[in-house]
Amino acid sequence: MAIKRNLASAFVLVVMSGLFTSLAVETRAQTSGELSDSGDDAANPGPLATDLSPAIKPREIQKAMRKVADWQLRTAENRFSTDWTYAALYDGLLAASRTTGDKRYHDAVLHFAERNGWKLGTRFSHADDEAVAQSYLELYFEHRSPDRIAAIKEEADKLLARPDDPAKDLWWWCDALFMSPPALARLYKATGDKRYLDYMDRQWWLTSAHLYDPTAHLYSRDASYLDRHEKNGAKLFWSRGNGWVLGGFARVLPYMPADYPSRAKYVMQFREMAQAVTAIQGEDGLWRSGLLDAAAYPHPEVSGSAFFTFALAWGINEGLLDRKTYEPVVAKAWKGLLTHIYADGRLGSIQKVGAAPGDLSPGGSYVYGVGAFLLAGSEVDRLSKSK
């Protein structure tokens, strides 16, 4: 009994310190719904799809999006929750609905929000539990009913009254920059209250100051990874973590005024990161889970790759990235993503919940990766229409 009590105490101390030991990561995976997202047996996913084309044309892009979105709805809709994993899926489903015109994807998110009473997760100030606010706010823009953003506004107002902790950033892990800042930026648009945008701005740059490497132009996952290195001696940078960040820019900047004082800083960092990830794109168009030691990770990782594809395509569409330079990168990445879609619509090669580069199963499919793929498809489709 004494051993059990000591282990329990140690676990509490680890979680409170904000450092992800392997035990903390395993527990997070078990409570996130990640283990049930695959639908059928990931170890035996069946044949790959042979009916998809990598052509950058709306019809072909939307066909791939529908195939993946339909499979995900069949396998996961009855497990929808406020968890961050599903929040990313909702973002993708709403984007897929706008792109394809299929209301089923939109309505699945709307019906969940209504059933859930437009509530956030239970942990105050935790970005994981605020990520679902992005989809709520997009639905609020369609129908401005106060109940759709009441919980979000209550949470944000408490955040604004919360003093900064000099010992620990609010967003102390880089993934958080995709989860909470886009919600605050949307809340600014919904209310016109600039305090939400200013708060987001201050917290973003605190995280950046501690985790962004100004030489590599990539983010460490959190402070415990600042001095970790790959087998080849390169600094360890996680694909999905950096994908979340690059995607975060694409989710924040559309809601930031053109004359906002620090907007130029966001654009500069976005361009730096875009250039950095482009330089290490794999021959198959995708990225490995560890970005600077591709040889150590033989299989491409789809969720990080999809977030990169989304953000790069968005940057071209918004005129922030040179089309001639980056369009071939996006086309190559989109082609690579399609090679991981199975005949039934499963999107595979997605690394499970974690905090660092790691192994993956070819049939491993998790909802945040599907959300990223649908976001990518929406921007690649928009790119195809602007030629």
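Every read-out reported here was derived from the displayed coordinates using simple, explicitly stated rules and does not represent laboratory data. Everything numeric here is computed off the predicted structure, so don't read it as measured data. Backbone-built Cβ (ideal geometry, glycine too); neighbour counts: all protein chains shown.
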*Using Cα pairs under 8 angstrom and six or more residues apart, how large is the relative contact order of the chain, in percent?*
23
*aspartates and glutamates near Lys385 by alpha-carbon distance under 20 Å, same-chain residues fewer than 8 away left out - which ones?*
Glu60, Asp102, Glu318, Asp322, Glu327
*asked:* Give the residue list of trypsin sites (Lys or Arg not before Pro) in region 156-207 that are DSSP loop and have at most 13 other beta-carbon atoms within 10 angstrom.
replied: Lys168
*Using the eigenvalues of the Cα gyration tensor, what equivalent ellipsoid semi-axes result for region 89-133 when each is taken as the square root of five times the eigenvalue, whole Å, largest first?*
23, 12, 5
*asked:* Take Val267 and Ser81, extend 7 Å from each Cα along the Cα→Cβ direction, and tell me the distance between the two endpoints in nm.
replied: 4.1
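Taking the highest mean first, how do the peptides 250-263, 77-90 order by number of other beta carbon atoms within 10 angstrom per residue? All intermediate terms of the calculation are to be shown ahead of the outcome.
On the way: 250-263: 15.8, 77-90: 21.9.
Taking the mean over residues of other Cβ atoms within 10 Å, the ranking is 77-90, 250-263.
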*Distance between Cα centroids, region 329-348 to region 101-176: provide it in whole Å.*
30
*For His143 and Asp193, what does the FRET efficiency come to when R0 = 25 Å and r is the distance between their Cβ atoms, rounded to the nearest 0.05?*
0.80
*Short version: ³J(HN,Hα) in whole Hz for each residue of region 260-268, in order, from phi by Karplus 6.51 cos²θ - 1.76 cosθ + 1.60 (θ = phi - 60°), x for Gly and Pro, what are they?*
5, x, 9, 4, 4, 5, 4, 4, 5
_Cα gyration tensor shape for the chain, rounded if a/c is under 1.5, else prolate or oblate_ = rounded
_Using a Cα-Cα cut-off of under 22 Å, which lysines could be cross-linked to Lys387, ignoring same-chain neighbours fewer than 8 residues away?_
Lys57, Lys63, Lys324, Lys332, Lys335
*So, with +1 on the Cβ of K and R and -1 on the Cβ of D and E, and no other charges, what is the size of the charge dipole of region 56-384 about its Cα centre, to the nearest 20 debye?*
580
*If you take the charge dipole of the chain about its Cα centre, with +1 on Lys and Arg Cβ and -1 on Asp and Glu Cβ, which of Trp238, Ala311, Gly358 is farthest toward its positive end?*
Ala311
*Once every DSSP H run of n ≥ 4 in the chain is given -39500 (n - 2.57) and the sum is divided by its residues, what mean residue ellipticity at 222 nm do you get, rounded to the nearest 500 deg cm²/dmol?*
-17500 deg cm²/dmol
_Which order do the peptides 338-350, 282-294, 308-320 come out in when sorted by mean C-beta neighbours inside 10 angstrom, highest first?_
308-320, 338-350, 282-294
